[in-house]
């Protein structure tokens, strides 16, 4: 049997919007105190013209097809041609990407704007300089023959919500101005079975994950993205220490060029990312090839928007940044757009 659980966000990642629960405040505070100011950010290399610039990149999650663009640009030499030696550091249920970057073990990290914003509010001198997943993948998944298409369809329904998704669900209700008095919450785990077998009318999941698991079994679903109804929290953000962004702008711009090139290739041929995921980067994860193919094909639904079609993958819409800040406030994260986001690297591409 192919593994399912290792290929989805667990409570540690999906509960990221919880106030005070995004990062362990004590350990992060201690790490910030021990690291001092920005001295960690210059430890990765000098950017010599004769040696590739070493760029350790902490993934937001385990090495599945979600990170396919990175694998493609490593394997096809794009990063090498750009003067970079990108070293992938797999994430996982116990990974804390902000702590990894602040501690100097990665130059670039990948995570959601909620985790990064929480770290920033706790004193981490980090900023987001690009965004991979323009639309947050959190959604309500329902069966195609009884779809939940709009928030109004939630009334009178039973919705499966995992403990780690409870806070994002509550933030979504606030953002969409939904009265949940007649909505029944059914506790679930990170498994799409409750939707498939009819225990619930809908379930809070990642649109690029659980629907693909069911599609691989021949079960059609409908997804209603939180992002389409006021829940604006970027996922798959690229972030680094402010000092890194200041001192290595060109190298980070080259990194984003490589990421864009790799994901453009995967969007054109989703099987390409599946190939490198299964053959090398996720080889030991016992991933389901069919599910990974579906997931690779679904990436475009959260990566491509009218904004990115006009301005390029990974770029950030100022209006969407404002909406992110507003949604983060609903989650109890107070941070300004100028503190959390910078376009310095994108401008250097």
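Just so you know, in the stretch 149-172 the residues that are part of a helix (DSSP H, G or I) and more than 21 Å from the chain's Cα centre (by Cα) include one that is surrounded by the most Cβ atoms within 10 Å (Cβ to Cβ), and it is 154. With the condition kept exactly as written, say whether any residue in the stretch 184-193 is without any contact (Cβ under 8 Å) to a residue 60 or more places away in the chain, in a loop (DSSP other than H, G, I, E, B), within 29 Å of residue 263 (Cα to Cα) and assigned by TED's automatic domain parsing to the domain that holds residue 341. Within the stretch 184-193, none of the residues are without any contact (Cβ under 8 Å) to a residue 60 or more places away in the chain, in a loop (DSSP other than H, G, I, E, B), within 29 Å of residue 263 (Cα to Cα) and assigned by TED's automatic domain parsing to the domain that holds residue 341.
Being part of a loop (DSSP other than H, G, I, E, B), free of Cβ contacts under 8 Å to residues at least 40 places away in the same chain and over 30 Å from residue 238 (Cβ atoms) holds for only one residue in 146, 181, and it is 181. Could you say whether any residue in the stretch 279-290 is in contact with a strand residue (DSSP E or B) (Cβ under 9 Å, 6 or more places away or on another chain) and either under 23 Å from residue 101 (Cα atoms) or modelled with pLDDT under 95 (or both)? Within the stretch 279-290, one or more residues are in contact with a strand residue (DSSP E or B) (Cβ under 9 Å, 6 or more places away or on another chain) and either under 23 Å from residue 101 (Cα atoms) or modelled with pLDDT under 95 (or both). The residues of the stretch 308-319 that are farther than 24 Å from residue 209 by Cα and part of a helix (DSSP H, G or I), listed by number, are 310, 311, 318, 319. Looking only at the stretch 280-310, residues that are without any contact (Cβ under 8 Å) to a residue 12 or more places away in the chain and either assigned by TED's automatic domain parsing to the domain that holds residue 223 or in contact with a helix residue (DSSP H, G or I) (Cβ under 9 Å, 6 or more places away or on another chain) (or both) come to 1 in all. Counting only residues that are surrounded by fewer than 16 Cβ atoms within 10 Å (Cβ to Cβ) and over 19 Å from the mean Cα position of the chain (by Cα), the stretch 182-231 holds 13 of them. Looking across 259, 251, one residue alone is buried (at least 21 other Cβ atoms within 10 Å of the Cβ), over 18 Å from the mean Cα position of the chain (by Cα) and in the same structural domain as residue 56 (by TED's automatic domain parsing). It is 251.
The values are calculated or read from the model by the stated rules, or taken from the named source; none is laboratory data. These numbers come from a predicted model, not from an experiment. Positions of Cβ are backbone-derived with ideal geometry, glycine not excepted, and every protein chain shown enters the neighbour counts.
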